[in-house]
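Report on the structure given below.
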Amino acid sequence: DRPAAPDAGGPAPDVVSSYLGLRSVGTAGRRFLLNGRPYYVRAVLEQGFWPDSHLAAPDDDARRDEVALIKSLGFNTARIHQKVEDPRMLYWADRLGLLLWGEMAAAYEFTTQSAARLVTEWTAVVRRDRSHPSIVTWAPFNESWGVQRLADRPEQRALSRAVADLTRALDPSRPVVSNDGWEHTCSDIITIHDYDGDDVATTLRYAEADRLETVLDDFGPAGRRIMAQGTADRDLPVMVTEFGGIRYLRGGADADGDGSADGGTAEETSWGYTSAESPTDFEARLRRAFSALQASPHLAGFCYTQLTDTMQEANGLADSRRRPKIDAALIRAIVTAPITS
C-alpha cells in the first residue's frame, strides 16, 4: 500500500510510536556513576520465573508488577540472572525507572561449538537491547559457568576477554563485567559473590580498605580467586553482587508457594544458604546481612539473592507468587539503610 498523509482523508494510517530515555553510566575509580555522579547500587537478583508459566511471565501486568515490587522493596536495580529478559519487561523498567544488569544464560560446558554460539547469540542480545536506558551493565558470564577452567585454561580466559571486548565494541556506553562473582579477566566493575553467613567476618572483610585489597589479591569467600591470572587493574568499583540467600518457608509453603513439594516435605526439598525459622528471625537475619555490607565505605553496591523463591530455592524476599515474606515496609527500611561514608 502507498503511504497516506494523516490529513488526506480516508482510513486512518497506521501509527507507530516509541519513547526516548537519556542518561549516562560509567565508572570513576571505585565509584559507579549515573549521569556523571556517584550512584550506590542497591540491587536484587531476579530470575524471572513464575510457577505456572516458568520463564514466561503470565501477562504484561505481571511484568509491570514485578518492576513495581522491586522498587517498593527499596531496590534501585535488578540483576536479571541467567536469562535474556523479554523486551516488554525492559520496557516497564524503562518507564517505571528501574536499572537493570543484562546477563547471558550460561552454556553447560566449554567447547568450541558453545563458544561460537555464545558469540553469535550474545551479539544479538546486545544489539537488540542496547537502546533500553534501563540496562546499565552487561555481564556475559556468571561464576565461570561455561568456562569452568578459566583459572588454568588460557583458551577459556581468552573467550572471557574476547566476549567482554566484543560487548564494548557493540556498546561502548556501558560497563562490562567479564565474569560475575570471581575470576575477572577484564571487567569494568569487580564483583564478588559472598555467602559466608558469618556477618561479623563479612563486615570486617569489606569495612577496611586493606582487608578488601587482600580479598582482591587472593581467594574470595567462595574459594575462587577474584581476579584471574594476568589481571592487574584494581582501581575499579567493587560490588558484592550475590549475598544473603536466606531460606524462609512462610506458613508451610514450599518454594513454589503452594505447599505441594514433590518428593518430600517443603523442609526436605527446599534450599537456602542459611535458614530462618520465623518472620522475626528472617527480619533479623536480613538486617545483619545487609548491615554487614552497608558498613563498608569501599563498596559501590550490592545485590541480594534473591527477589522470589524459584523452584527449590526458597531464599526469596517474596514467595514465587510475589507475596513478601515479611512486611514490605520492613524490607524497604533494611534495603535503604544509610551507607557508611
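Values in this text are rule-based calculations from the coordinates and carry no lab data. Keep in mind the model is a prediction, meaning the values are calculated, not measured. In this analysis, Cβ positions are derived from the backbone assuming ideal geometry, glycine residues included, and neighbour counts consider all displayed protein chains.
Summary table
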read-out	value
Residues 71, 325, sorted so that the one with the fewest Cβ neighbours within 10 Å comes first	71, 325
Where chymotrypsin sites (Phe, Trp or Tyr not before Pro) fall in DSSP loop in region 97-202, at most 15 other Cβ within 10 Å	108
Segment residue 119-residue 287, extension gain: residue separation times 0.36 nm, minus the distance between their alpha carbons	56.4 nm
Potential lengthening between residue 158 and residue 341 on full extension [0.36 nm per residue; Cα-Cα distance subtracted]	62.1 nm
Relative contact order computed over the chain (Cα-Cα under 8 Å; 6+ residues apart), in percent	18
Calculated FRET value between residue 19 and residue 322, using beta carbons and R₀ = 30 Å, to 0.05	0.70
Radius of gyration and Dmax over the Cα atoms of the chain, both given in Å	20.9, 74
Highest-fluctuation residue, 59, 199, 218 considered, GNM on the chain with Cα pairs under 10 Å	59
Residue order, fewest to most beta carbons within 10 Å, for 219, 302	219, 302
Helix-only [θ]222 nm of the chain, DSSP H runs n ≥ 4, -39500 (n - 2.57) each, per residue, nearest 500	-9500 deg cm²/dmol
Protection-proxy order for peptides 80-87, 311-318, 277-284, 15-22, each taking the mean of Cβ atoms within 10 Å per residue, highest first	311-318, 80-87, 277-284, 15-22
Under-5 Å amide H pairs with residue 296, H placed in peptide plane, nonlocal only	340
Student exercise, region 68-146 dipole from Lys, Arg, Asp, Glu Cβ charges, in Debye to nearest 20	260
